[in-house]
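The values are calculated or read from the model by the stated rules, or taken from the named source; none is laboratory data. Note that the structure is predicted; figures quoted are calculated from it, not measured. Please note: Cβ atoms are built from the backbone with ideal geometry, for glycine as well, and neighbour counts cover all protein chains shown. Just so you know, the surface numbers come from the protein's heavy atoms only, side chains and all, with ligands and any DNA or RNA stripped out. Shrake-Rupley method; radii C 1.70, N 1.55, O 1.52, S 1.80 Å.
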Amino acid sequence: DVIVWLSDQYELRVLYQSRLNIIPDNTINLVYTHNQDHMIVITDRGELVVQRLKDFGSFQYNSTPVNFIQHFGLKGKIVFANTLHAPFDHLFLITNDNNIKKIDKNLVLSFKKFPTTIMNLPGKNEAILTVIPASDTDKIGVVTDKAAFLMFPAADLRPMGKTA
């Protein structure tokens, strides 16, 4: 069993549960899981990285945290970084050009080369704004900057392939 610590700069430490005495101010997520769990990282440019937690190395708090951008050579800004500990079946990727993509979690885990492109962004300045992990029984809600709100069942979208 381990605790995954994620900072606001998307730095990661994987710690044995007994090693976390003080939670730093820049913490954005703490996840209690196991070292065989996978970390999923997605950037605004559609880059995807999936790696097992035990492959990140040291399990001590005073060790240097892993910076995802430097560690994986990512070009975009990270918009999603989480483990698979939560029960979900799909990832919903929403862009600033009002595009949405539903991709199956098992497809994400099947990729072998990282970073890889998980979503083609056809617009010149199109970028992924957020990634929502959900299952078909959930509802997805989207709010615009002008306070328009849309809610729909996750099952209404069909899953797409890697390059859709």
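Residue check: is T27 open to solvent by less than 50 Å² (accessible area, probe 1.4 Å), free of Cβ contacts under 8 Å to residues at least 24 places away in the same chain and under 16 Å from V66 (Cβ atoms)?
Yes; evaluated as a whole, the condition is true for this residue.
L12 fails exactly one of the following numbered conditions: (1) touching a Pro at 6+ places or on another chain (Cβ under 7 Å); (2) at pLDDT below 90; (3) under 27 Å from N125 (Cα atoms). What is the number of that condition?
(3)
Yes/no matrix, rows are residues, columns are (1) part of a helix (DSSP H, G or I); (2) open to solvent by less than 40 Å² (accessible area, probe 1.4 Å); (3) over 25 Å from W5 (Cα atoms):
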site	(1), (2), (3)
F88	no, yes, no
I94	no, yes, yes
N98	no, no, yes
L107	yes, no, yes
F114	no, no, no
M119	no, yes, yes
E126	no, yes, yes
D145	no, no, yes
T163	no, no, yes
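Could you grab the pairs with beta carbons closer than 7 Å, sequence gap of 6+ or different chains, first residue in segment 3-24 and under 13 Å from F56 (Cα atoms) and among the hydrophobic types (A, V, I, L, M, F, W, C), second one modelled with pLDDT of 80 or more and part of a loop (DSSP other than H, G, I, E, B)?
Here the result reads L12/P65; V14/N35, each pair linking segment 3-24 to a residue that is modelled with pLDDT of 80 or more and part of a loop (DSSP other than H, G, I, E, B).
Do we find a residue being touching a residue at least 60 places away in the same chain (Cβ under 8 Å) and surrounded by fewer than 19 Cβ atoms within 10 Å (Cβ to Cβ) anywhere in segment 46-56?
yes
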